[in-house]
1. Out of segment 182-198, which residues are part of a loop (DSSP other than H, G, I, E, B) and open to solvent by 60 Å² or more (accessible area, probe 1.4 Å)?
2. Has segment 207-216 got any residue that is out of contact with any Cys (no Cβ under 9 Å at 6 or more places or on another chain), of a type in the set (S, T, N, Q) and away from ligand 1 (no atom under 16 Å from the Cβ)?
3. How about segment 3-18: which of its residues are in contact with a strand residue (DSSP E or B) (Cβ under 9 Å, 6 or more places away or on another chain), surrounded by fewer than 20 Cβ atoms within 10 Å (Cβ to Cβ) and under 29 Å from A270 (Cα atoms)?
4. More than 16 Å from ligand 3 (Cβ to nearest atom) and within 20 Å of G160 (Cβ to Cβ), is that true of L297?
5. Hey, among G226, G190, G240, which residue is within 16 Å of ligand 2 (Cβ to nearest atom) and under 30 Å from G365 (Cβ atoms)?
6. Please verify whether A409 is among the small types (G, A, S), open to solvent by less than 20 Å² (accessible area, probe 1.4 Å) and more than 10 Å from ligand 1 (Cβ to nearest atom), treating the condition exactly as stated.
7. Go through (1) under 21 Å from L105 (Cα atoms); (2) part of a helix (DSSP H, G or I) one by one and return the number of the condition R312 breaks.
8. Checking the conditions here, which among L50, L100 is away from ligand 1 (no atom under 12 Å from the Cβ) and touching a residue at least 12 places away in the same chain (Cβ under 8 Å)?
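The values are calculated or read from the model by the stated rules, or taken from the named source; none is laboratory data. Note that the coordinates shown come from a computational prediction; the quantities given were computed from them, not determined experimentally. Glycine gets a Cβ as well: all are built from the backbone with ideal geometry, and neighbour counts include every protein chain shown. Note: areas computed on protein heavy atoms with side chains; ligands, DNA, RNA excluded. Shrake-Rupley method; radii C 1.70, N 1.55, O 1.52, S 1.80 Å.
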Amino acid sequence: MELVEESPYRFRIDRHDPMRVPGLVFASRSLLPDTRADRSLEQVANVATLPGIVGASYAMPDVHWGYGFPIGGVAATDVEAGGVVSPGGVGFDISCGVRLLTADLHRDELRPRLDAVMDALSAATPRGMGRGAVWHLTGRDELDAVLRGGSRYAVERGFGVERDLHRCEDYGAVHDADPAQVSERAIERGARQVGSLGSGNHFLEVQAVEQVYDEPVAEAFGLRAGQVCVMIHCGSRGLGHQICTDYVRAMEKVMGRHGIHVPDRQLACAPVGSHEGRAYLGAMAAAANYARANRQLLAHAAGQIFERETGRRLDLVYDISHNLAKIEDHAVDGGTRRLCVHRKGATRALPPGHPDLPDELRAAGQPVLIPGSMGTGSYVLTGVAGAPAFASTCHGAGRVQSRKQAVAAGHGADPRAQLEAQDIAVRGASRRGLAEEMPAAYKDVSAVVEAAEGAGLCRKVARLVPLGVVKG
Ligand SMILES: Nc1nc2c(ncn2[C@@H]2O[C@H](COP(=O)(O)O)[C@@H](O)[C@H]2O)c(=O)[nH]1
Ligand SMILES: [Mn+2]
Ligand SMILES: [Mn+2]
């Protein structure tokens, strides 16, 4: 794949048939994927062939190989010009995302209580592949209420406070969810998992603010140096996974009828306005609401533990998805176009002044939450005006080693002992599970954030370090 270096953090893949637009890769030279081991740049070019794609097929600095679309990919299609929606452009963990909370507590005050807090968080956080959840729903009607109402419904039922909703993307729920488009199998898989973390890369982490880069914005977000935070990363569990599986299959069958030909079957898609496109978006929105309720419930449980163990409550900074397609209006070629913006392993980053931000965050911009790894650190960023890629940035550090490679790279060393030697308390996950998730499995999150900032996608606000992690 030939890359043209446009500037230090911006590389172009020139349009060639059958691409409809160029590819744009935001990365430093050293972050570019190794094309011998990772085919994500080829995937960027494949995505550029989708009907109705606008601008470019974008890759964020944490880009790596994914199902059809790369993880760290952004693609917007013109809804009114035959633009398509593709389940592979959202991913299997629909609306997987991050929630950050703060405690009015300095890390030194927490230190003597950290083990007790970690034990209690571990006991209160259902995790792993299977069942077990914070919330036992009364039946299908209540699951439908979750699929329609997301965090709003959870708050209505007492799992949180109204203020939380002001700090959630979409005020806690997308409005166009259509539970009727969710298969029985997906319902079955999701019914007993509302309020559970999942496995692998999902986590609940107690962190401290290590460095503040922008004091006024950090203050607006409620962050100060030394402060204790809780970060939660999880998504829509088996429900979202099944919805993606169902709609990839459904779209594969009808693509020909819509006259769509893609270079990779994993890019299965349908026009946004078609029966299949609308059905997928309705089911996807239902899964998005499920994921938001999931994070709301886990945060509520964590908040109760903090109050009990430290006497301090947890306040929500923000909750944001990084696997989602959204219908948004954007300025394109001097006009406003209605676009279906796919962000897969990419985070929306609204600039200061954006009307979708709550009043108290409007001057600062949207908090963008970037987990790095359980052994290094994470970042809080904010959006910037005039950014390319339809107000999007990276979503994490991004994997560089497969799970198997990560285990082999550990050479049998005990990952728990390694983390504890760094003063990071670890709960949950098997020895193998931890080995798969060690920092070396991921890119350097600081280099990723540096590249994202350098490319004009966002701005740094604060860096957080882990004190303890509950790993899925
Ligand atoms: N702070 C932590 N960050 C972590 C951990 N495990 C993974 N990660 C980061 O999350 C992103 C997002 O993952 P994805 O599954 O949504 O693609 C990933 O790229 C890592 O940088 C953790 O335990 N703690
Ligand atoms: Mn996920
Ligand atoms: Mn995720």
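1. Hit for segment 182-198 is R192, nothing else.
2. Among the residues of segment 207-216, not one is out of contact with any Cys (no Cβ under 9 Å at 6 or more places or on another chain), of a type in the set (S, T, N, Q) and away from ligand 1 (no atom under 16 Å from the Cβ), which makes the answer no.
3. Across segment 3-18, the qualifying residues are R12, D14, R15.
4. In short, yes.
5. Selected residue: G240, the only one of G226, G190, G240 that is within 16 Å of ligand 2 (Cβ to nearest atom) and under 30 Å from G365 (Cβ atoms).
6. Spelling it out, it is not the case that A409 is among the small types (G, A, S), open to solvent by less than 20 Å² (accessible area, probe 1.4 Å) and more than 10 Å from ligand 1 (Cβ to nearest atom).
7. Every condition holds for R312 apart from (2).
8. Only one candidate passes the filter, namely L50.
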